[in-house]
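These notes concern the structure reproduced below.
Values quoted throughout were computed directly from the atomic coordinates according to the rules given, and no laboratory measurement underlies them. Everything numeric here is computed off the predicted structure, so don't read it as measured data. FYI the Cβ positions are ideal-geometry reconstructions off the backbone, even for glycines, and counts take in every protein chain you see.
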Amino acid sequence: MSKDIPFDQLKIGDKFGPRPFDTNEVAVEKYCNEMGDQNPLWLKESPWGGPVIPPLLSATLIGLGMIGSKYDSHATVPVILIQKNIKPIFVGVKIYQSGILIDKYIKKGLEYAVIESVLADENGNEYRRVIDHFLLSLERYDRPDTRGKIDIDSMLPKTVGAGIDIPSFTRVAYQLALDDASRFLDDSSHRDNYAQTKGFKSALLSGYITSGYLCKYLVDYFGSNWLMGGEVSLTFVRAVYQREQITIKARILEGIERKVGAKLTLAFTIEKQDGTMAIIGTTNGIV
């Protein structure tokens, strides 16, 4: 059992929060600089008035932040992200995040937890709903597999069928914090030595980084409409490493005409330079 988060003591229905969600200008500017995303929506103005926060700001970190409010979550690793954008969040507005443990399971000796979180204002108005599946650590234990309450396989996004390709986006993945290993504890997946003992080439790039690149890609395609009702589901399939080239590719699987625009469903992948998939997923939005 994980030494930092006691799997057996976690109970379905455990609640976390509320705690403040960071929406200030400094956090947004830091995100924009790290992602190379200088979209005026985040820094100047939006169709709703002032600037709004990127819809995948802190993606993969929300559920981890929830369990981290009670336990030491430094060894956790994101596995699946499912998110629905309800409406945009203005930069600087007071937002709180609350979460509830909706599942836990063991697979091949690895311990997983699933937290559903809500971002809402002081009046309870919801802005984002998120489900995070994550490993409690990379440590394997001699324990039998257990089935969760949720059919995990049915929730995994699939990249299937033929479709219409849309332009791809290539960049070199980079996380500033990984250049300073002293920022992480010895058993963190973000340290080379520890990651290598678990079969990885080097330290793992944080999920929020690749999610940030994906955010830019999706907003560039869908526009600001994606902040109102856009949804995304993704699974981390392989690790992405520091300074590794990645390419986001997507194709249109389905289009439904509406009175205002068309609702499109895309299948996407984030691929490594050798062609292997690091992330697979689906998303939908209005264009």
Open item on the list: Could you work out [θ]222 nm for the chain from helices alone, using -39500 (n - 2.57) per DSSP H run of at least four and dividing by all its residues? Round to the nearest 500 deg cm²/dmol.
Closed with: -4500 deg cm²/dmol
Task: Relative contact order (percent, whole number), the chain, Cα cutoff 8 Å, 6+ residue spacing - done: 19 percent
Task: D_trans [Stokes-Einstein, Kirkwood Rh over alpha-carbon pairs] for segment 169-272, 10 °C, 1.306 mPa s, µm² s⁻¹ - done: 102 µm²/s
Open item on the list: Using just the Cα positions, wrap segment 25-181 in a convex hull and report its mean projected area in square nanometres, one decimal place.
Closed with: 12.6 nm²
Task: Computed E for N193/V237 - FRET, C-beta separation, R0 22 angstrom, nearest 0.05 - done: 0.40
Task: Among 67-75, 211-219, the order from most to least packed when residues are scored by Cβ within 10 Å on average - done: 211-219, 67-75
Open item on the list: Can you match percent of Cα pairs over 36 Å apart to one of these, (i) 12; (ii) 23; (iii) 19, based on a calculation from the structure here?
Closed with: (i)
TODO: Quick one, can you get me the convex hull of the C-alpha atoms of segment 1-58 expressed as volume per residue in Å³?
DONE: 145 Å³
- [ ] Please give every one of the aspartates and glutamates within straight-line cross-link reach of K107, meaning a C-alpha to C-alpha distance under 14 Å, and leave out same-chain neighbours fewer than 8 residues apart.
- [x] E139, D142, D145, D151, D153
- [ ] Please determine, in degrees from 0 to 90 and to the nearest 10, the orientation of helix 25-35 with respect to the longest principal axis defined by the Cα atoms of the chain, where the helix direction is its Cα long axis.
- [x] 80 degrees
Task: Of Y208, Y105, Y141, the one that fluctuates the most in a GNM where the chain has Cα springs shorter than 10 Å - done: Y141
Task: Unsatisfied cross-links (Cα-Cα over 25 Å) in the set K198/K249; K11/K201; K30/K87; K15/K249; K44/K94; K216/K272 - done: K198/K249; K11/K201; K15/K249
Task: Listed residues G229, G92, G49, most fluctuating in the chain (Gaussian network, C-alpha, under 10 Å) - done: G49
